[in-house]
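Report on one structure; see the data block that follows.
Only the coordinates and a few stated rules stand behind these numbers; no lab work does. Note that the structure is a prediction, hence the values are computed from the model and not measured. Reconstructed Cβ throughout: ideal geometry from the backbone, glycine too, with neighbour counts over all protein chains shown.
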Amino acid sequence: MLTYLLQRISSNNICTHGVMKDDENNPICVTLELPWLNNQHNISCIPEGIYTAVRYMSPKRGYEVFELTNVPDRDAIEIHVGNYPKDTDGCILLGLEYGDCAVGSSQLAFVKFMNKLVGVNQITLKVVS
């Protein structure tokens, strides 16, 4: 199974920025998550750890995403399109560049991420700071 890396690089009381890297440690895109608030549902990023991410059709988004399946005390953690902390719902947003607690070109970054995973239904995602 492919292992991707989400490396968190900065955080404040509003957001957390990171970099998503593929199985060869090549950066694919940047990420935006909520800050760490003790893993609280919808207002915190998830704990560091190793997760299984499974491709599925998101009923909330209306398109295919990868959902993390083994997050302690959390569910519905998706990797999806969005630009600002208000868009995350505790999930992981993808972008091509950073803004001030934002990411830009999220749709393009998401397409890039999904295109790298054509035909792949499951990956391992390692989240580190």
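At 0.36 nm per residue, minus the direct Cα-Cα distance, what do GLU24 and TYR84 gain on full extension? Give it in nm, one decimal, please.
Extending this stretch completely gives an extra 18.8 nm.
Ordered by residue, what ³J(HN,Hα) values in Hz, to whole numbers, does the stretch 109-117 give under the Karplus form 6.51 cos²θ - 1.76 cosθ + 1.60, where θ = phi - 60° and Gly and Pro are x?
Rounded to whole hertz, the list is 5, 4, 4, 4, 4, 5, 5, 5, 10.
Got a sec to turn the phi values of the stretch 56-68 into Karplus ³J(HN,Hα) couplings, 6.51 cos²θ - 1.76 cosθ + 1.60 with θ = phi - 60°, whole Hz, x for Gly and Pro?
7, 7, 6, x, 6, 8, x, 8, 5, 9, 9, 10, 7
Tally Lys and Arg at +1 and Asp and Glu at -1 over the other residues with C-beta under 14 Å from the C-beta of LEU125: what net charge comes out?
0
In the Gaussian network model of the chain, springs joining C-alpha atoms below 10 Å, which of GLU67, GLU78, GLU24 carries the largest mean-square fluctuation?
In the Gaussian network model the winner is GLU24.
If you keep only loop residues by DSSP, which trypsin sites (Lys or Arg not before Pro) in the stretch 55-129 have at most 11 other Cβ atoms within 10 Å of their Cβ? Before the final figure, lay out each step's value.
Numbers: sites: ARG55, LYS60, ARG61, ARG74, LYS86, LYS112, LYS116, LYS126; in loops: LYS60, ARG61, ARG74.
Loop-located and lightly packed - LYS60.
What chymotrypsin sites (Phe, Trp or Tyr not before Pro) in the stretch 56-90 are in a loop by DSSP, with at most 14 other Cβ atoms within 10 Å of the Cβ?
Values: sites: TYR56, TYR63, PHE66; in loops: TYR63.
Answer in residue order: TYR63.
Within the stretch 73-95, find all residues whose amide N lies under 11 Å from a label point positioned 7 Å from the Cα of ASN42 along Cα-to-beta-carbon.
89-90
Given H placed on each backbone N at 1.01 Å, which residues far from SER105 in sequence or on other chains put an amide H within less than 5 Å of it?
Under 5 Å from the amide H of SER105 lie the amide H atoms of LEU96, each far enough along the sequence or on another chain.
Counting each DSSP H run of 4 or more residues in the chain as -39500 (n - 2.57), what helix-only mean residue ellipticity at 222 nm follows after dividing by all residues, to the nearest 500 deg cm²/dmol? Intermediate values should be presented prior to the final figure.
Details: 1 runs with 11 residues, N = 129.
One gets -2500 deg cm²/dmol as the mean residue ellipticity at 222 nm.
Could you work out the relative contact order of the chain, using alpha carbon pairs under 8 angstrom and six or more residues apart, expressed as a whole percent?
Relative contact order comes out at 29 percent.
If you take the Cα Rg of the chain and divide it by 2.2 N^0.38 Å, with N the number of residues, what do you get?
Rg over 2.2 N^0.38 Å, computed on Cα atoms: 0.93.
How much length is gained if the chain between LEU96 and ARG61 is pulled fully straight, taking 0.36 nm per residue apart and subtracting their Cα-Cα distance, in nm to one decimal?
Details: separation 35, 0.36 × 35 = 12.60 nm, distance 2.00 nm.
Separation in residues times 0.36 nm, less the Cα-Cα distance, equals 10.6 nm.
What net charge is computed for the residues neighbouring LEU5, neighbours being all others with C-beta under 9 Å from the C-beta of LEU5, Lys and Arg scored +1, Asp and Glu -1?
Computed value for this residue: 0.
Between LEU125 and residues 5 or more places away or on another chain, which pairs have amide H atoms under 5 Å apart, with H built 1.01 Å from N, and which residues are they?
HN-HN under 5 Å from LEU125: TYR4, TYR51, THR52, ALA53.
Within the chain, which cysteines find no other Cys whose Cβ is under 4.7 angstrom from their own?
CYS29, CYS45, CYS91
Which percent, to the nearest 5, of DSSP beta bridges fully inside the stretch 2-128 are antiparallel? Intermediate results must be reported in sequence, preceding the final value.
Working: 32 of 41 bridges.
DSSP beta bridges in the stretch 2-128 are roughly 80 percent antiparallel.
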